[in-house]
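Step one of this worksheet: look at the structure below.
What follows draws every value from the coordinates through simple rules; no lab data is involved. Just so you know, these numbers come straight off a predicted model, no measurement behind them. Note that each Cβ is placed from the backbone with ideal geometry, even for glycine, and that neighbours are counted across all protein chains shown.
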Amino acid sequence: MKADQRTYEVVATADQGLPFVMVDETGVPVAVIADYLRELVASDCSPLTVRSYAFDLLTWFRFLLVEEVDWEQVTRTQVRDYVLMLRSAVNPQRRSANPEGQVGRGSRTGKHPRSPGYAPATINHRLAVLASFYDFSKRTGAGPLVNPVPGPGPGDRNMRHQSPLEPRTPSRRGSYRQKTPELVPRAIPDDLYHEVFEALASDRDRAIVALLVSSAARATELLGMTATDVDWGGQRIRLIGKGTRQPEWVAVSPDSLMWLGRYLARERPGLEPNGALWLTLRRPHRPLKYQALRAMLLRVNAKLGLDLVLHDFRHTCGIRLANDPSIPITDVQAHLRHRTLASSEPYRARRWSSRGRGCRRGSAPPACAR
DNA sequence: TAATCTTGCTTCTAGAACGG
DNA sequence: CCGTTCTAGAAGCAAGATTA
């Protein structure tokens, strides 16, 4: 079979032990990938992690098809060429959104336009997954004896014996790892927030947005809620945190509970205690999923000419709290459920928007709890 | 040597096309 | 209009190096 007739794709399975597989053009799973993904599952990795890693390996294997190199034959040279390709390639996901390299985003929110290529973070993600995959293959004996992906730090970990007599190599970015720009939390200015809220079409969406901005919940954390996760008297909701997967109670604003009450009373009769709190508006009434919620916000964006994302609501809450002088940064950390204070710090000293309007200290955050 | 900064890895969110 | 599919990218954390 010729190389240009071959291809791979990632498909979801019904198998809890292996939620995603990479199959070839005949639909047969690639054994080495399946083996590796099973290892991730066994190591208690989240299904979303398994999915993400499968897609990263997919692009690597497609690259090898073009290069006409077997996965177990590769050396550092192919990894270098892969990175060079990613650095210079046009990202197909960006092409239509940014047709002539024009500034397509951010006219009202001050967000920066994106480059037409792949982000440094994407290249680093690919490298991390690739290194992990070849590390696993080396242990099982299926892959090359030397990991083709250089390890952390300068030079090649595989070629360097770390003698305790020699000075430790300084911690610098490893070969091929890209510099990543500093991340800036984004807040929605009050006037824009109210405009967005007015544009919402249902009590469900008003409740969701009000809860997102007052609890600082991540989208999937909110979508995972059941009826038992609302403490009406204590004005709290229970969320399953990212990473830790621990349930935690989080304070919410009175108005968000008012909207939630209206949604439940009018649109959710007979809700079971353990039933999903959020359902799709149309039949069949399935639990609302992340992409469906995001589509709701995209429709609002289209109507108002905005470029908001769901995570902006979390940032908005964090920045409102962090810029209130009466609230200690450790309380901000607690409300955002950050494990480390370093994760909360970037929220401080940020302004209401990135357009340079002043920080309105003293004006109470209208929709943020506490 | 305590505080701060960098890096790499894991986990989740974002962008765009498409479908009913 | 409301939602799904297929990739891309940001967020959060811990460990180790660096700086104060």
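If each residue of separation counts as 0.36 nm, what is the full-extension length gain between residue A:46 and residue A:69 once their alpha-carbon separation is subtracted?
5.2 nm
In the stretch A:194-263, which chymotrypsin sites (Phe, Trp or Tyr not before Pro) fall in coil by DSSP and have 12 or fewer other Cβ atoms within 10 Å? Present the calculation step by step, with values, prior to reporting the outcome.
Details: sites: A:197, A:232, A:249, A:259, A:263; in loops: A:232.
In loop regions of the stretch A:194-263 (DSSP not H, G, I, E or B), the sparsely surrounded chymotrypsin sites (Phe, Trp or Tyr not before Pro) are A:232.
In nm, to one decimal, how far is the modelled label at residue A:55 from the one at residue A:342, with both set 7 Å along Cα→Cβ?
2.7
With a ≥ b ≥ c the root eigenvalues of the C-alpha gyration tensor of the stretch A:7-50, is it rounded (a/c under 1.5), prolate (a/b larger than b/c) or oblate?
prolate
How would the stretch A:190-348 be classified by its alpha-carbon gyration tensor: rounded, prolate or oblate, with rounded meaning a/c under 1.5 and the a/b versus b/c comparison settling the rest?
It is oblate, given that a/c is not under 1.5 and a/b is not larger than b/c.
Return the aspartates and glutamates within reach of residue A:289: Cα separation strictly under 14 angstrom, same-chain partners fewer than 8 residues apart disregarded; answer none if there are no such residues.
Those aspartates and glutamates meeting the cut-off are A:205, A:221.
Could you put A:240, A:123 in order, starting from the residue whose Cβ has the fewest other Cβ atoms within 10 Å?
The order, fewest Cβ neighbours first, is A:240, A:123.
Please work out how much length the chain gains when fully extended from residue A:267 to residue A:146, using 0.36 nm per residue of separation minus the C-alpha to C-alpha distance, in nm with one decimal.
37.6 nm
Per the Kirkwood formula on distinct C-alpha pairs, the Rh of the stretch A:235-293 is how many angstrom?
Kirkwood radius, the stretch A:235-293: 13.2 Å.
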